[in-house]
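What follows is a set of notes on a single structure, which appears directly below.
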Amino acid sequence: MITGPALLTAGAIFLLRVLNYAISTIRTVAIARGRRVMSSGLAFVEAFLFAVVIASIVQDISTNPLNLLAYCLGAAAGGWVGMSIEARYITSYLSINIIPHKKDA
């Protein structure tokens, strides 16, 4: 039987996992740009969130599969949210193709 507190715990796991994945995406962009301090800070927060969430999953994985489901759904949703954040706010990557009209001799 699914109780109110169990749903609340699963919801918290879901939200923390979404946040974890979104931070991971932003951290990857920060690494690519060479922003060491920012990426290190984000890595700390990401690792902390992961540790908190995985601890709550492992402690009662056999009796509460709802937490595992929330964890997996949070990972999927977090990837989506991270890509949305990247597409909306991280716009400095640009490719330009230059095609000359005449061939240089």
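Within the stretch 87-105, is there a residue that is in a helix (DSSP H, G or I) and at pLDDT 85 or above? Lay out the reasoning, then the answer.
Restricting attention to the stretch 87-105, the residues satisfying the condition of being in a helix (DSSP H, G or I) are 87-89.
So of that shortlist, the ones also at pLDDT 85 or above come out as none.
The answer is no; no qualifying residue exists.
If the condition is being of a type in the set (G, A, S), over 20 Å from L8 (Cβ atoms) and in contact (Cβ under 8 Å) with a residue 40 or more places away in the chain, then the stretch 58-86 contributes G79, G82.
Within the stretch 23-50, the set of residues being open to solvent by 50 Å² or more (accessible area, probe 1.4 Å) and either among the aliphatic types (A, V, I, L, M) or touching a Ser or Thr at 6+ places or on another chain (Cβ under 6 Å) (or both) comprises R27, I31, A32, V37, M38, V45, A47. Considering only the stretch 1-18, state which residues are of a type outside the set (F, W, Y), open to solvent by less than 80 Å² (accessible area, probe 1.4 Å) and part of a helix (DSSP H, G or I). Residues satisfying the conditions are G4, A6, T9, A10, G11, A12, I13, L16, R17, V18.
Condition first: farther than 20 Å from Y89 by Cα, aliphatic (A, V, I, L, M) and not in a helix (DSSP H, G or I). Can you find one or more residues in the stretch 57-64 that meet it?
Step one: of the stretch 57-64, the residues farther than 20 Å from Y89 by Cα are 57-64.
From what is left, the residues that are aliphatic (A, V, I, L, M) are 57-58, 61.
Filter again for not in a helix (DSSP H, G or I), leaving 61.
Yes, there is a match, as at least one residue in the stretch 57-64 is farther than 20 Å from Y89 by Cα, aliphatic (A, V, I, L, M) and not in a helix (DSSP H, G or I).
Kindly establish whether G79 is touching a helix residue (DSSP H, G or I) at 6+ places or on another chain (Cβ under 6 Å) and modelled with pLDDT under 90. Don't jump to the end; show me each part of the working.
Values: touching a helix residue (DSSP H, G or I) at 6+ places or on another chain (Cβ under 6 Å): yes; modelled with pLDDT under 90: yes.
Yes: the conditions hold for G79.
Listed by first and then second residue, the pairs linking a residue in the stretch 14-40 that is more than 14 Å from V81 (Cβ to Cβ) and without any contact (Cβ under 8 Å) to a residue 40 or more places away in the chain to a residue that is of a type in the set (V, I, T) and open to solvent by 20 Å² or more (accessible area, probe 1.4 Å), with Cβ atoms under 7 Å apart and 6 or more places separating them unless they lie on different chains, are S39/I31. Taken over the stretch 29-57, residues that are polar (S, T, N, Q) and either at pLDDT below 90 or on the phi > 0 side of the Ramachandran plot (or both) amount to 1. Within the stretch 1-43, the only residue that satisfies the criterion of being in contact with a Leu (Cβ under 7 Å, 6 or more places away or on another chain), more than 13 Å from Y71 (Cβ to Cβ) and not hydrophobic (A, V, I, L, M, F, W, C) is R27.
The values are calculated or read from the model by the stated rules, or taken from the named source; none is laboratory data. Because the structure is a prediction, the values reported are computed rather than measured. Heads up, the Cβs are rebuilt from the backbone with ideal geometry, glycines too, and the neighbour counts pull from every protein chain shown. Only protein heavy atoms, including side chains, enter the accessible area calculation; ligands, DNA and RNA are left aside. Shrake-Rupley method; radii C 1.70, N 1.55, O 1.52, S 1.80 Å.
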